[in-house]
1. Would you check if Ile190 is away from the ligand (no atom under 14 Å from the Cβ), within 25 Å of Pro153 (Cβ to Cβ) and out of contact with any Lys or Arg (no Cβ under 8 Å at 6 or more places or on another chain)?
2. Filter the stretch 252-267 down to the residues that are more than 14 Å from the ligand (Cβ to nearest atom) and part of a loop (DSSP other than H, G, I, E, B), then identify the one that is surrounded by the fewest Cβ atoms within 10 Å (Cβ to Cβ).
3. What number of residues within the stretch 305-325 satisfy the criterion of being buried (at least 24 other Cβ atoms within 10 Å of the Cβ), within 14 Å of the ligand (Cβ to nearest atom) and not in a strand (DSSP E or B)?
4. When residues of the stretch 217-251 are filtered for being more than 9 Å from the ligand (Cβ to nearest atom) and assigned to a strand (DSSP E or B), how many remain?
5. Considering Ala210, Ala270, which residue is assigned to a helix (DSSP H, G or I), more than 15 Å from the ligand (Cβ to nearest atom) and more than 26 Å from Thr159 (Cα to Cα)?
6. Filter the stretch 338-368 for residues that are in a loop (DSSP other than H, G, I, E, B) and of a type outside the set (A, V, I, L, M, F, W, C); which is farthest from the ligand (Cβ to nearest atom)?
7. Quick one: Thr159 ticks every box in (1) closer than 14 Å to Pro302 by Cα; (2) assigned to a loop (DSSP other than H, G, I, E, B); (3) of a type in the set (Ser, Thr, Tyr) bar one, so which box is it?
8. Looking only at the stretch 137-155, how many residues end up being in contact with an Asp or Glu (Cβ under 8 Å, 6 or more places away or on another chain) and over 25 Å from Thr200 (Cβ atoms)?
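The values are calculated or read from the model by the stated rules, or taken from the named source; none is laboratory data. Fair warning: this is a prediction, and the values are worked out from it, not measured in the lab. Cβ sites come from the backbone with ideal geometry, for glycine too, and all protein chains shown count toward neighbours.
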Amino acid sequence: MTGLAVPTQAPGGAANPYVTAQRQFDQAATLLNLDAGMRAVLREVRREFTANFPVRMDDGRIRIFTGYRVQHNLTRGPAKGGIRFHPDVSLDEVKALAMWMTWKCAVTGLPYGGAKGGVICDPGQLSRQELEHLTRRFTSEMTILIGPESDIPAPDVNTNSQVMAWIMDTISMERGYSVPATVTGKPLEIGGSEGRASATGRGVLVVTEAACQRVGIAPHEATVAIQGFGNVGSVSAQLLHEQGFRIVAVSDVYGGIYRPEGLDIPALLAHRDAGGRLADFAGTTQVANPALLELPVTILIPAALENQLTMANAARVQARLVVEAANGPTTPEADDIFRQRGIVLVPDILANAGGVTVSYFEWVQDLQSFFWEEDEINQRLTRVMERSYAQVEELAAAHKTTLRMGAYCLAVQRVADATQVRGIYP
Ligand code: NAD
């Protein structure tokens, strides 16, 4: 987990992510000719839950925290989506992230709907005990929603396998028996899956390689900048590095480092794991987060938060390929600028779907109490990502549109078809 002392600031101000998500949906609904009733059903979230709950701090004081869990859609299966701890969490952000989860699960063909959760807090300012108490109490507030058949959380920004273990334990204690399938991204000791920790980054690798083929980029000649060096960013860096891509810049919330000749990623990971700050990694130049996005690189991978690529900076992005490892890093205005400039963008609902895909494998393994080996997981993950990428590319070509709209067409049509065949209750 990353200590967060500095709240993030989006270049060009923060667009409302839910407005962005709805604008993207509207575009796809128009391309697909969805009727007005179906549009109305799919462009709103189904359930939104807010809890204001007390936590006893280490000094004995009681503090009230606010957390959200939003379920956008449950038509194709239980709701699925991560839980984020961050000072900038808002209900609209969680609603957007929940909607994106619906499309992500549909793009990859997973039998899930979409959900997301978040607690407004700065985990860098909480002790481990305070974090545990906060997690357990928020989980307890959410028990009316979550469970293996209804809604299955997972890690997201500033949450990790330990947080998932507390969630699993809290639900299990309240039920009176172990319920491992209630949450994914757990430690292996309690029903976690091999390959889950690296799954999102592995999915990013698969789609980056596929997109490179399409754009005509040779991996060994490509330079890469990655914004965000947490679970997704650092694993993406490691796996891309292993495949011969030259990672020249990475950053975290405090800023970035740049080395045009390429960063020694294994050494950087060891430096980070030993508690070192990125800025102290020898032989590199410091680069601020906004400047990292505009570096002269072949591939740009935003792997931090929303609203990083906006109309304020999209014209200055030099990459030929943008791979959205983060959710919602690009506003619709920046999307337009990239399209006009011929920059290919692999959208979040496809690019970072590796995480939820292996979460699905974890849930299946938990339900069957039968566990697979890492090789098998990675092979199945690669197949899902390659198949999804190919389907998205095909639809984008058929509709003469971007990969984002290709992915939306695939996803929205699947959810619309499921809604149609189920009908409107009662
Ligand atoms: P994380 O908490 O592990 O890491 C986040 C990283 O971003 C940290 O290095 C942090 O310092 C950095 N960061 C925060 N604000 C920043 C800023 N303004 N500029 C640069 N760096 C900043 O989180 P994560 O799980 O790696 O998630 C990153 C993104 O990927 C999020 O958008 C998340 O929703 C998405 N995502 C995560 C998963 C997953 O499996 N964890 C799956 C799909 C999508």
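1. Against the criterion (away from the ligand (no atom under 14 Å from the Cβ), within 25 Å of Pro153 (Cβ to Cβ) and out of contact with any Lys or Arg (no Cβ under 8 Å at 6 or more places or on another chain)), Ile190 qualifies.
2. In the first step, residues of the stretch 252-267 are kept if they are more than 14 Å from the ligand (Cβ to nearest atom); the result is 259-267.
Then keep just the ones that are part of a loop (DSSP other than H, G, I, E, B); that gives 259-264.
Values: Arg259: 19, Pro260: 14, Glu261: 9, Gly262: 14, Leu263: 24, Asp264: 17.
Checked the stretch 252-267; the qualifying residue surrounded by the fewest Cβ atoms within 10 Å (Cβ to Cβ) is Glu261.
3. Looking only at that region, the number is 5.
4. Selection size over the stretch 217-251: 8.
5. Every option except Ala210 fails the conditions.
6. Gly342
7. Answer for Thr159: the failing condition is (1).
8. The number of residues fulfilling the criteria is 2.
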